[in-house]
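Take a look at the structure set out below.
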Amino acid sequence: MQDPTTTARSLFTDFATRHGLSIRTIDEPNMDLLMEVPAQKGLAFTLTLGLQDTDRLNIGFEGLWAHFFPLNRKQDLVRALLVGIVDGSCRLAIHRQFGVVTSRVLERRVDGAWQPVYTAHGLAIPFVPTHVTFIANVQSGQGHS
């Protein structure tokens with residue numbers, strides 16, 4: 001079996017190469033691997049990609065830090081999510097109450113409907129209206145949607 005750090009590095013660099021994106025390694029002693037894909041032509045925001053605890057893949061952007069484990073069972077999902085983030089078939093839904101973020105939800109478009117893939121919860125007040133905004137990669141590189 002391949003070393004987990006090598007597997008994750010290959011996953012992240014192959015993704016960046018396939019989409020013509022630059023990627024760099026960040027020295028972070030608390031992570032097995034931390035890489036950054038900066039905002040650039042083809043990507044409207046910075047993606048942070050990581051491996052921690054030898055088998056937990058991470059995707060971070062716009063305040064979301066999503067964890068997927070174990071590595072050997074979630075690497076295909078993470079690969080698909082990264083492609084979806086770039087091609088716009090994945091988006092981030094940010095839920096707010098009184099201007100405060102109550103959750104961030106990574107969603108993927110499946111059969112014409114948006115389905116949650118990962119949710120990072122904050123404190124929400126039941127029965128209080130929630131305002132939702134969306135962040136998705138814009139193919140033209142113009143920015144947030």
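Averaged over its residues, the chain has an accessible area of 54 Å² per residue, based on protein heavy atoms and a 1.4 Å probe. Rounded to the nearest 10 square angstrom, Thr5 shows an accessible area of 40 square angstrom against a 1.4 Å probe.
Using the rule -39500 (n - 2.57) for each DSSP H run of four or more residues, divided by the residues of the chain, the 222 nm mean residue ellipticity is -7500 deg cm²/dmol. The GNM of the chain, with springs linking C-alpha atoms under 10 angstrom apart, assigns the highest mean-square fluctuation among Phe61, Phe127, Phe12 to Phe127. Once the Cα atoms of helix 4-18 and of the chain are each reduced to a long axis, what angle between those two axes, in degrees from 0 to 90 to the nearest 10, is obtained? For 4-18 against the chain, the angle is about 70 degrees.
Note on mean projected area of the Cα convex hull in nm²: of the candidates (1) 9.7; (2) 8.9; (3) 8.3, the value calculated from this structure sits at (1).
Net length available on complete extension from Asp3 to Phe69 is 22.2 nm, with 0.36 nm assigned per residue and the Cα-Cα distance removed. In the chain, Cα pairs under 8 Å separated by at least six residues give a relative contact order of 18 percent. Between Phe127 and Thr17, the contour length at 0.36 nm per residue exceeds the alpha carbon distance by 35.0 nm. Taking all protein chains as shown and a probe of 1.4 angstrom, Asp87 keeps an accessible surface of around 80 Å².
Residues Phe45, Phe98 ordered from highest to lowest accessible area at a 1.4 Å probe: Phe98, Phe45. The 1.4 Å probe gives accessible areas that order Ile23, Ile135, largest first, as Ile23, Ile135.
Net charge in the neighbourhood of Asp55 (other residues with Cβ under 15 Å of its Cβ; Lys, Arg +1, Asp, Glu -1) is 0.
As a fraction of the 1.4 Å probe accessible area of the chain, surface on carbon and sulfur atoms comes out at 52 percent.
Quick one: ranking Val37, Val100 by accessible area, 1.4 Å probe, largest first, what do you get?
Values: Val37 0, Val100 90 Å².
Highest to lowest solvent-accessible surface, that is Val100, Val37.
The values are calculated or read from the model by the stated rules, or taken from the named source; none is laboratory data. Computed from a predicted structure; not experimentally measured. Cβ sites come from the backbone with ideal geometry, for glycine too, and all protein chains shown count toward neighbours. Ligands, DNA and RNA are excluded from the accessible area calculation, which covers all protein heavy atoms including side chains. Shrake-Rupley method; radii C 1.70, N 1.55, O 1.52, S 1.80 Å.
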